[in-house]
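Only the coordinates and a few stated rules stand behind these numbers; no lab work does. All figures in this text were calculated on a predicted structure; none of them were measured in a lab. Cβ placement follows ideal geometry from the backbone for every residue including glycine, while neighbour counts extend to all protein chains displayed.
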Amino acid sequence: MRFNPKSRLDTRRVSDAGRGRSRGRSAGGSGGGTGGGARGSGSSSGFPIPGGAAGGGSVIGIIIAVVAFVIVSQTGGGGLPGSGGDGAGYDTSAFTDTGRYSGCETGDDANASTDCARVAVENSLTDFWADELGAGFRPEERIVTFSGGIDTGGCGSATSDVGPFYCSADETIYLDDSFFDDVLVGALDGPSGAFVEPYVLAHEYGHHISNLIGTLGQVTGEKGPQSSGVRLELQADCFAGLWTKHATETEDAEGNVLLLELSQDDIDIALDAAKTVGDDYIQRQSGGRVNEEVWTHGSSEQRQEWFMAGYEQGTFEACDTFGADRV
């Protein structure tokens, strides 16, 4: 992955909250809930991940969420809220921005810094989806990085243990970047290449797109390989593949191309990451048996297939997981 050194970066939607509460405090405070059956939906709890249970779920139940976590604000009931209207708005009082991304100005900075690459990927995702959805698009409120834990603008409190997640209530993506080394590589023996995080961010941004088009609101609480929750996660994987297909066509505000090159190695790394966060893979890593009935995010094969559906077909229509007979 190589960024255009001449491109200009827009940092307005990327912020850093710094150090929050310590690990071990419950995720999903009074304002939060979970979407897609994210918590407490795994196999055995013996997986060696630090932090223990959060929100009443086992460690495995939390780690199954990894790349594919969606937190939504709920009132009663077990379903997700409707979508398509204006978002609740980002709560700027939730934290003070540390200024971590203030020095990210050009694609040259993105080539030299993981932080600035994060900004460049956000810019690319926003430009792509603005073109793809047209008048129906609004960007995510923010991508917020944090360390340890955070009080979100609309979904209560969360710790690093839940992994990257999208909060539909404030339309914000939250990320503790220690997840990649501590969990994806260290605990799940996953890939560590430079395109892992862009795949994750593209997946989480995909949840925002599902929120905008209304499919996030179709998710109920059932589990299993054909469940609505799995279909939501596979749609996000497909949207990630779709962006990847067109990423080198995206531009900054001045019309400069943002990404100059994505290699086959980048695609292979994304597929390896998708494999690592499959429900069946995580169940095997935990030492448990594969039990399809508790799946909430899809198997490794499903996740890889739907990423490639978006990448190979390159069309929005290719990602209609909710209209497919089987996923």
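Values as computed for the structure displayed
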| quantity | calculated |
| --- | --- |
| Anisotropy class of the stretch 147-250 from Cα gyration tensor, a/c 1.5 cut | rounded |
| In sequence order, calculated HN-Hα J values of the stretch 139-150 (Karplus, 6.51, -1.76, 1.60; Hz; x Gly/Pro) | x, 4, 4, 7, 9, 10, 8, 8, 9, x, x, 7 |
| Directionally averaged projected area (convex hull, Cα atoms, the stretch 240-327), nm² | 7.2 |
| Per-pair calculated FRET efficiency, R0 = 35 Å: Ala135 and Asp189 via Cβ, rounded to 0.05 | 0.20 |
| Karplus-derived HN-Hα couplings along the stretch 202-214 (A = 6.51, B = -1.76, C = 1.60, θ = phi - 60°), whole Hz, x at Gly and Pro | 5, 5, 5, 5, x, 5, 5, 5, 4, 5, 5, 8, x |
| For Glu222, net neighbour charge (Lys/Arg +1, Asp/Glu -1) across residues whose Cβ lies under 12 Å away | +1 |
| Cα centroid separation - the stretch 165-204 against the stretch 95-115, whole Å | 18 |
| Full-extension gain in nm, Glu105 to Glu301, via 0.36 nm per residue minus C-alpha separation | 66.7 nm |
| Per-residue ³J(HN,Hα) for the stretch 253-258, Karplus 6.51 cos²θ - 1.76 cosθ + 1.60, θ = phi - 60°, Hz, x for Gly and Pro | 5, 9, x, 7, 4, 7 |
| Protection proxy ranking of 116-129, 304-317 - average other beta-carbon atoms within 10 Å, highest first | 116-129, 304-317 |
